[in-house]
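Undergrad: Take this structure, written in structure tokens, and hold onto it; I'll ask about it next.
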Amino acid sequence: MFRRMLLAVLLTLFLAALPAAAAEPVKIQINGARLATDVDPVIIEGRTLVPVRAIAEGFGAEVGWNGASRQVTVNKGGNAVILTIDNTNYTKNGQALKMDVPAQIVSDRTMVPVRVVSESLDAQVDWNGETRTVIIAKQEEDNGSTPEQVLEKSLTATAALDGARFKGNIEANTGVGDPVAISLEGAAKAGATRMKMSGNPPEGSVAMEMWTDGKMFLVNDGSGWVENEAFSFVLLDDVHDMIGDQYPAAIMKRIKEMGGIISFTASSAESYGVRATIDADKLLEETPPEESGFPDLKRKLVCDLTIRKADFVIQKIEINGEYIVEDVKTGYTGKIDLYDFNQVDSVPKP
């Protein structure tokens, strides 16, 4: 079934790029899920400031920066908030307003008052002094459905497809040398997936083809097809072991267990935009950093889905994340387009 390829893509993306946690003096929750930040929230003059990109990711909002005017803009659902660094004046949809503490630069991050931004985006904000947690509640709907409901429907609809093709790319950049770029293209049907990959990793160019049915993984690097145990970590039986038989409810449950925040992004008349922002604090309870082999590793992942409104089929998957090891930061982005739904004849074993 087509759901096997979808499971592989989504679960591999979610589980491969989860952020490591550090003890935070102040925590942020959105709809009950913890918001991951690469810099700890800070309290200044009784107000909590949080990295603007983190709060935007949690809300499914877009962030803009004007270096000349030192202004940051947060846009979401028709609301536009403009804040100026070191200035207590700000605007919401053109209306001039004032806040107690201005946006400011802390540890090379643009920090904004979490209450001002959240309430400007029509969310409710509360404070739990005992746990030092900012609690944000935001209820949103599109065509009568919440983002969680749309995501669950899309997983069901896309998994039920008889097959599809996909094409995309992934790019990673450490800021040193050329970015690493990998392109991929393939098809899935009846539980089998076949994919071509090419790119320029540090060890040299690569071109290979892969095939899996969830029980074996075959690879052809140009010298012929062989079974490759090195790719066992993406075998779908392992994914199945993680989530069990109940699909898509099990994926939704797993996302929530990993601290996932589900929100709407920009939608259109034809499609929903849904974002999953993943926090690994829950995962780290299962696998402590010292057992992962990378005790200093910090990671995060944001996954955006474009979902067709007519039938809830996923049309595009976009990822944006980063990981930091020994102060070396690598940012990565990726995009996968899905198309030719129910038009794949077969994906035979090589």
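Undergrad: Net charge within 9 Å of F264 by Cβ-Cβ distance, Lys/Arg positive one each and Asp/Glu negative one each, not counting F264 itself?
TA: -1
Undergrad: Another one. Cβ neighbours within 10 Å, averaged per peptide: list 48-56, 312-320 in order, most packed at the top.
TA: Descending packing order for the listed peptides: 48-56, 312-320.
Undergrad: Then there's this: Obtain the nm distance between the two label points defined at N66 and E171 by a simple spin-label model: each point lies 7 Å from its Cα along the Cα-to-C-beta direction.
TA: The two pseudo-label positions are separated by 2.7 nm.
Undergrad: Related question: Mind running the shape call on segment 113-198? Use the C-alpha gyration tensor, a ≥ b ≥ c as the square roots of the eigenvalues: rounded below 1.5 for a/c, prolate if a/b tops b/c, oblate otherwise.
TA: oblate
Undergrad: Provide I261, I105, I170 in ascending order of the number of other Cβ atoms located within 10 Å of each residue's Cβ, fewest first.
TA: I105, I170, I261
Undergrad: Let me ask something additional. Among T88, T265, T277, which comes first, then next, by fewest other beta-carbon atoms within 10 Å?
TA: T88, T265, T277
Undergrad: Further, regarding this structure: How big, in percent, is the set of alpha carbon pairs in segment 32-137 lying more than 25 Å apart?
TA: The proportion of pairs with Cα distances above 25 Å equals 11 percent.
Undergrad: Of the peptides 124-131, 180-187, how do they stack up when ordered by the mean number of other Cβ atoms within 10 Å, highest first?
TA: Highest to lowest by the protection proxy: 180-187, 124-131.
Undergrad: With a point put 7 Å past each Cα toward its Cβ, work out how far S268 is from N89 in nm, to one decimal.
TA: 3.8 nm
Read-outs throughout are calculated quantities, based only on the coordinates presented, and are distinct from any laboratory measurement. Quick caveat: nothing in here was measured; it's all calculated off a predicted structure. Every residue, glycine among them, receives a Cβ derived from its backbone with ideal geometry; neighbour counts consider all protein chains shown.
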